[in-house]
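Structure first, commentary second.
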């Protein structure tokens with residue numbers, strides 16, 4: 001997989017030949033210096049950016065063959081995404097934020113499932129609170145509940161503890177791994193924290209758009225993420 005972007009100074013090679021397979025149910029951390037291509041890799045796997053070379057296959061779907069509408073439906077049905085900055089809708093309550101992917105999927109029990117999801121992250125008493133009324137840790141717990149609401153096969157997490165203090169970040173990490181295990185969800189985690197990376201079963205390091213270290217060799221299986 002490659003990603004090359006045009007700039008005023010010429011072509012910029014963001015990813016320069018990534019060959020990666022992630023098995024279903026695996027937990028994988030991605031580390032590397034700023035500008036190594038970590039977030040670009042995640043955005044490509046999520047179908048939010050398109051690789052300029054190679055093939056990206058997630059859960060048996062070749063992302064480059066899907067239209068923008070099909071990619072949106074694919075993310076809704078197969079993925080959960082957690083960002084550093086929470087990305088909650090400020091004018092919606094915690095319950096409404098978690099209900100969104102369920103309502104888009106046509107779930108008639110969206111509100112009930114969203115309430116159960118918030119209960120599972122310890123926010124059953126915060127259903128009607130707006131993001132501005134919640135602490136950073138509580139907002140990230142809402143984001144986790146939303147990410148897991150539809151039972152995703154793949155969770156993408158980009159620096160999920162980056163805006164949190166150590167104790168709150170540890171709580172979020174524990175919840176994330178617990179929910180991933182409970183749902184049997186594949187986890188692809190971008191982090192700059194070595195201790196957090198070590199909690200994953202497999203650890204990858206990116207530098208200058210290339211994988212320079214990989215702690216494990218994985219045989220692709222059904223449901224894998226591949227190049």
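Here the label points at residue 48 and residue 70, each 7 Å from Cα along the C-beta direction, are separated by 2.2 nm in the simple model.
Spin-label pair residue 89-residue 181: with each label point 7 Å from Cα along the Cα-Cβ axis, the two points sit 3.4 nm from one another. Compared with the dominant Cα axis of the chain, that is its longest principal axis, helix 166-183 is turned about 80°.
What the Cβ-Cβ distance of residue 13 and residue 55 gives, at R0 = 25 Å and to the nearest 0.05, is a FRET efficiency of 0.90. Seen against the Cα atoms of the chain and their longest principal axis, helix 94-104 is set at about 60 degrees. Given R₀ = 30 Å, what would the calculated FRET efficiency be for residue 212 paired with residue 165, taking r from the Cβ atoms and rounding to 0.05? Efficiency, from the Cβ-Cβ distance: 0.45. Just check the range 71-113 against the gyration tensor rule for me: Cα atoms, a ≥ b ≥ c as the square roots of the eigenvalues, rounded for a/c under 1.5, and otherwise prolate or oblate depending on whether a/b exceeds b/c. Cα axes put the range 71-113 in the oblate bin.
Rounding to the nearest 10 and keeping the result within 0 to 90°, find how far the Cα-based axis of helix 110-120 lies from the longest principal axis of the chain. Compared with the principal axis, the helix lies near 80 degrees.
Helix-only arithmetic for the chain: the sum of -39500 (n - 2.57) across DSSP H runs with n ≥ 4, divided by the residue total, places the mean residue ellipticity at 222 nm at -10500 deg cm²/dmol. Averaged over residues, the count of other Cβ atoms within 10 Å places the peptides 53-63, 35-45 in the sequence 35-45, 53-63, highest first.
Quick note: the coordinates plus some simple rules give every number you see, no bench work behind them. Keep in mind it's a predicted model, so treat the numbers as computed, not measured. Cβ atoms come from the backbone with ideal geometry, glycine included; neighbour counts cover every protein chain shown.
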